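Let me begin by presenting the structure, written as structure tokens, before commenting on it.
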Amino acid sequence: MSLLSINGLSVKFKQRHEDLVALHNVSLSLERGERLAIVGESGAGKSLLGYAIVNLLMKPGFIAEGSIKLDDRELTRLSSKQWQEIRGKKIAMIFQDPMVTLNPVLSVGDQMVEAIRSHTRINYNDAKKLAIEKLAHVRIAAPAQRFDQYPHELSGGMRQRVIIAIALLLAPEIIIADEPTTALDVTIQAEILQLLKQICADNGVALILITHDFGVVSRIAERTLVMYAGRIVEQGPTLEIINDPQHPYTQGLLNALPQMALPGQRLNQIQGNMPPLNDQPRGCAFHPRCPYAEDKCRIQPPDFIFSGVSTVACYAIEDMLQAFEPLSEEDADD
Amino acid sequence: MLSFIGRRLLQAMFVLLIISFVSFMIQDKMGDPVRQMVGLSVTLEQREALQQELGLNDPMLIQYGRFLGRAIQGDLGTSYYYKEPTIDVIASRLPATLELSFAALVLVVLLAIPLGVFAAIHPKNILSRAVLLFSTLGLSVPIFIVAVFLMYFFAIEWGLLPSFGRGETTSVFGLWQSGLFNRDGLQHLLLPSLSLAFVLTPIFIRLIRAEMMDVLQSDYIRYAWAKGISAPRIYFIHALKNTMLPVITVGGIQLGTLVAYTILTESIFQWPGMGLLFMDAVTRVDVPLISTYLIFVGVIFVVTNTLVDVVYSLVNPRVRIPGYS
């Protein structure tokens, strides 16, 4: 049984006439201690998926269909009181920009102790001890002094460490990190990623890493899931997806990495833009930008198939596999 | 902290210097003091001799210096009407005004914070809309109408509350005549402070609501939800503390409005405070009293704004006063 399993999840935005669909029929599973990356362009719905898991969608967003199960417990029907018990305790979150994530008028210590005391009966001094211990754990120097400081007195990297420490306070089962290094200095990025990876590995915490950066993915995640226009288009082991991307969108993304272009050449890019929510193409959502698009791509969205490398939703892959199938049958006849 | 207070004192002194100059100009230019003193039945020569004797023919700056010298010694002139030092006259009226303003302020805080927070958390609730409507009403109706209405219903129609004066007062340490410690004084306080609160609360409700709605959209509030913090703690600790920052600043500025409204309220309810005194002084052209009142209000402004800065720095750690922590 998976730690977290999401089935047929749809997220919509309430509108006066017809609700806009932001996540289409998303299914995924996460094992205990597994590190999963969710990759895609801005607006692909990756952050939305992260927020949907902890039921923190901003209005007018809401979960329209599907189920989210944590340890076989259905989450979508929980009361707000029950949600409060899950957030922070079972599923912790790390936000994108550490400069605006911590409350500016409360000290680091206050924000840590309140997180502990919201979930466990423990006196202030013990909570403080635990908080300082976790600050030391994320390698913050002089943790006892940091405890009394305010967010503005810490650097961005330091704040993100504090946020990671807060995520660890209650020994959660899952940490959802939404672009945890995007707002940081490049030199700090690697440190924070390494810390995150190690901490998850040491404590057996499962990690969902939301990012648009394949460089980040390759360093951290065992499994990768590629999203486009609110849909999952490909998922599989990270190394294999990077070495042999199947879906034309994944290929495009990887090809767009700066190191893929030759020196002096223009950087590669995927032509066109992601479709807006109120103007989604019929059929495969990627077909207007896809170099391999055929007629059937414009009519009916493809189903998931296993390509031998990853699970992917694309007719081109389907056709290719079918082309091989008769051959293998003939082989079998011989 | 000390250097902060020192700097504030310097600023305050500068502000007071300007106010004293304006106040001096009023004394100097409003009416003819010689005529006030001796009337019309004096010859021109005598008049000029008196002018010379009083130093009224000296250059303005020298006269101002003399005025300042006396002011520093606590002598701001003698009231024409009361024949007493103006400072004493105003000091005897100060408790009434301070108590009225304080009571109004307490009412404003008690009303504006819960209503503003509620309207921000539940913007679509029918009660929030009612609060907003009420606040528009409060903003657009002038205080003398509110006061007269309150007086009409509570004092005249229903006979529940007294309509004028301060009622019974008790002496506190022989220095302060207070109406806060007996039933009659409190009853007298209710209508005037309610009128003041009625016109001052709406702007704070609106401000708190708008600011809080903004704060509730911020990342750190979303993060607080993600930590599994309880809703009351998120609203009243995480959000309200941030909401109050601009509210404190505006509160300090609104002090001017409070002073202006206090003058009106005191006149309507015949509340024996500084505002009523000022109105009377204006009608009697009691120039020394008018200018002393101005200086007094200036002092109150400077003191309160300094307090506001200190409170602000206590709420917002990012403006911690250097050397204080």
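The values are calculated or read from the model by the stated rules, or taken from the named source; none is laboratory data. Predicted model, so just to flag it, every value in this text is computed and none were measured. As a convention, Cβ positions derive from the backbone with ideal geometry for all residues, glycine included, and neighbour counts pool all protein chains shown. We work out accessible area using only protein heavy atoms, side chains counted, and drop any ligands, DNA or RNA first. Shrake-Rupley method; radii C 1.70, N 1.55, O 1.52, S 1.80 Å.
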Query raised in the report: What residue among A:311, B:160, A:124 has its Cα farthest toward the positive end of the dipole of the protein assembly as shown, where the charges are +1 on Lys, Arg and -1 on Asp, Glu, each on the Cβ?
Result: B:160
Requested in this report: Whole Å is fine, so just give me how far the alpha carbon centre of segment A:251-303 lies from that of segment B:67-115.
Outcome: 74 Å
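Among the chymotrypsin sites (Phe, Trp or Tyr not before Pro) within segment B:218-325, which fall in a DSSP loop and have no more than 13 other Cβ atoms within 10 Å of their own Cβ?
Numbers: sites: B:220, B:223, B:225, B:235, B:236, B:261, B:269, B:278, B:293, B:296, B:301, B:312, B:324; in loops: B:324.
Of the chymotrypsin sites (Phe, Trp or Tyr not before Pro), the ones in loops of segment B:218-325 whose Cβ has at most 13 other Cβ atoms within 10 Å are B:324.
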**Report entry** Interface residues, segment B:273-319 - accessible area loss of 20 Å² or more versus chain alone, probe 1.4 Å
**Finding:** B:317, B:318
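Filter the trypsin sites (Lys or Arg not before Pro) in segment B:50-132 to those in DSSP coil with at most 13 other Cβ atoms within 10 Å of their Cβ, and list the result.
For trypsin sites (Lys or Arg not before Pro) across segment B:50-132 that sit outside H, G, I, E and B with at most 13 neighbouring Cβ atoms in 10 Å, the list reads B:83, B:124.
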Query raised in the report: Summing -39500 (n - 2.57) over the DSSP H runs of n ≥ 4 in chain A and dividing by its residue number, what mean residue ellipticity at 222 nm do you reach, to the nearest 500 deg cm²/dmol?
Result: -10500 deg cm²/dmol
Query - Residue-normalised accessible area of the protein assembly as shown, given per residue in Å² at a 1.4 Å probe - result: 50 Å²
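On average over all directions, what projected area in square nanometres does the protein assembly as shown have, based on the convex hull of its Cα atoms?
Working: hull surface 180.5 nm².
Quarter of the Cα hull surface area: 45.1 nm².
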**Report entry** Student exercise, segment B:153-302 dipole from Lys, Arg, Asp, Glu Cβ charges, in Debye to nearest 20
**Finding:** 600 debye
Query raised in the report: How much of the accessible area of the protein assembly as shown, probe 1.4 Å, is carbon plus sulfur, in whole percent?
Result: 59 percent
**Report entry** Selected from B:279, B:218, B:204, residue furthest toward positive end of dipole (segment B:177-325; charges at beta carbon)
**Finding:** B:218
Query - Computed accessible area, residue A:19, all protein chains, 1.4 angstrom probe, square angstrom - result: 40 Å²
Requested in this report: Using a cut-off of under 13 Å, list every residue of segment B:80-118 whose amide N is near the label point 7 Å from the Cα of residue B:175 along the Cα-to-beta-carbon line.
Outcome: B:95
Report summary line: Residues other than residue B:243 with Cβ under 15 Å of its Cβ, Lys/Arg counted +1 and Asp/Glu -1, net out at +2
Query - Interface burial for A against B (accessible surface, 1.4 Å probe, total of both chains, Å², rounded to 100) - result: 2300 Å²
Report task. Report, in debye and to the nearest 20, how large the dipole of chain B comes out about its Cα centre when Lys and Arg carry +1 and Asp and Glu carry -1 on their Cβ. Result -> 1460 debye
Query raised in the report: Which whole-number percentage describes the relative contact order of chain A, with Cα contacts under 8 Å and a sequence gap of 6 or more?
Result: 19 percent
Requested in this report: Using the Cα centre as the reference, give the magnitude of the dipole from point charges on the C-beta atoms of chain A (Lys, Arg: +1; Asp, Glu: -1; all else neutral), rounded to the nearest 20 debye.
Outcome: 1920 debye
Report task. Specify which residue in the list A:79, A:149, A:188 is farthest towards the positive end of the charge dipole of chain A, using unit charges on the beta carbon of Lys, Arg (+1) and Asp, Glu (-1), about the Cα centre. Result -> A:149
Query raised in the report: Per 10 Å bin, what is the whole-percent P(r) computed from every C-alpha pair distance within chain B?
Result: 5, 20, 25, 24, 15, 7, 3, 1, 0
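Would you mind checking A:89/A:129; A:128/B:227; A:14/B:124; A:46/A:296 for any pair whose Cα atoms are more than 22 angstrom apart?
Details: A:89/A:129 18 Å; A:128/B:227 17 Å; A:14/B:124 16 Å; A:46/A:296 27 Å.
With Cα atoms farther than 22 Å apart: A:46/A:296.
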Query raised in the report: Hey, rough spin-label estimate for residue A:120 and residue A:299, points 7 angstrom out along Cα→Cβ, what's it come to in nanometres?
Result: 6.0 nm
Report summary line: Whole-Å distance linking the alpha carbon centroid of segment B:173-213 with that of segment A:112-181 is 43 Å
